[in-house]
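Computed from the coordinates by the stated procedures, all read-outs in this text should not be read as laboratory data. The structure displayed is predicted, hence computed values, not measured ones. Glycine also receives a Cβ, built like all others from the backbone with ideal geometry; neighbour counts cover every protein chain displayed.
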């Protein structure tokens, strides 16, 4: 029966090819959607789980956007007073409070923008992934700089070299270079907090305060107290994760509707192909019945043909998603300013299995009526059309 089904499909190669292409496009779109959704969630959770930060104090505004920008090494339009740091460090529930001051230096002649971050010693417990390369040390003086791995490669600098900032007219000594971590820290320039405040004319101002509590169970009380700080607001990373996943879920629902439409169109395409095949092969199917083929066998033959079309389309769709995924990811990243580092395309076995099930479901749904119609053909009446 498998050989006969294959012969029937190859009779009309163009029509079968169009049908398989329709299924492949629909499954490929669905695979990319599911893979990007899973990759985004996994990447976001990985970044947040790897941080020693539990809370973030940011200036008034959208707290989730502000916290996300700080975590991704981006600047804010407003800042916190230095007095907020004293308030946070005096709170009984706070174990570590690390001040951050971020500023960008555009370099249009080189087509890039450098992000400089002012920190002090308290940031180190909140950066568990930081590993300094051999020969590196912590800040020795106000003119020291620690480079992320990508920043060091871009500047062609090693430990002990001099780094000149033409935009600010300051000269630094590279005291340390970080090992590659796969986070936004790789492209940042870290300098002492007081140096950053003077360099960017932000005396006694901060971009944010990263916070770790003595006990996560104290978070509710800590938030209530710290929210009273003038000009500041507090957001937990758990809240931020939930908010971003909700936003992604809303967009995912919209895009899923497009994927469902594509799958529906593919179902109709397979349905039309199979129904046309039944009409064209009425005499042949009647002969099969006349020589002893049961209605069940005819039904199985047509259903098998529909499944073969959709399985072939599903496999090609998965290959298309794998081949085009990287290019699509580059395009998508242009519209996701705070996307997690690393690949957003996570075409796992689970995603592939889900897409194959959708393909099988498409074949079953689209092939039921044509197969039933073929199995109900009266042999005697059909033979009169031969």
(message) Need one number: % antiparallel among DSSP beta bridges in the range 61-230, to the nearest 5.
(response) 70
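Does the range 61-230 come out rounded, prolate or oblate, given a ≥ b ≥ c as the square roots of the eigenvalues of its C-alpha gyration tensor, rounded meaning a/c under 1.5 and, failing that, prolate meaning a/b above b/c? Write out the running numbers ahead of the final one.
Working: a/c = 1.95, a/b = 1.62, b/c = 1.21.
Since a/c reaches 1.5 and a/b is larger than b/c, the shape of the range 61-230 is classed as prolate.
Per-residue counts of other Cβ atoms within 10 Å, averaged by peptide: what ranking do you get for 79-90, 101-112, highest first?
Highest-to-lowest ranking by the protection proxy: 79-90, 101-112.
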(message) Starting from 0.36 nm per residue, how many nanometres of slack lie between residue 21 and residue 350 once their C-alpha separation is accounted for?
(response) 116.1 nm
(message) As an exercise, use a Förster radius of 30 Å and the Cβ-Cβ distance of residue 168 and residue 227 to find the FRET efficiency, rounded to the nearest 0.05.
(response) 0.25
(request) Subtracting the Cα-Cα distance from 0.36 nm times the residue separation, let me have the gained length for residue 105 to residue 161 in nm, one decimal. (result) 18.1 nm
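Pop the C-beta distance of residue 132 and residue 300 into the FRET formula with R0 = 56 Å and round what comes out to the nearest 0.05.
Details: r = 67 Å, r/R0 = 1.20.
Efficiency at R0 = 56 Å is approximately 0.25.
Expressed as a rounded percentage, what relative contact order does the range 61-230 have, with Cα pairs under 8 Å and six or more residues apart?
Details: 307 pairs, mean separation 54.9, N = 170.
Once divided by the residue count of the range 61-230, the mean separation gives 32 percent.
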(message) Under a crude label model (7 Å from the Cα following the beta-carbon direction), how far is residue 60 from residue 78 in nanometres?
(response) 0.6
(message) Under a crude label model (7 Å from the Cα following the beta-carbon direction), how far is residue 121 from residue 3 in nanometres?
(response) 8.3
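Order these peptides, 227-236, 113-122, by their mean beta-carbon neighbour count within 10 angstrom, highest first. Could you put the intermediate results ahead of the total?
Details: 227-236: 16.7, 113-122: 18.6.
Packing order, densest peptide first, comes out as 113-122, 227-236.
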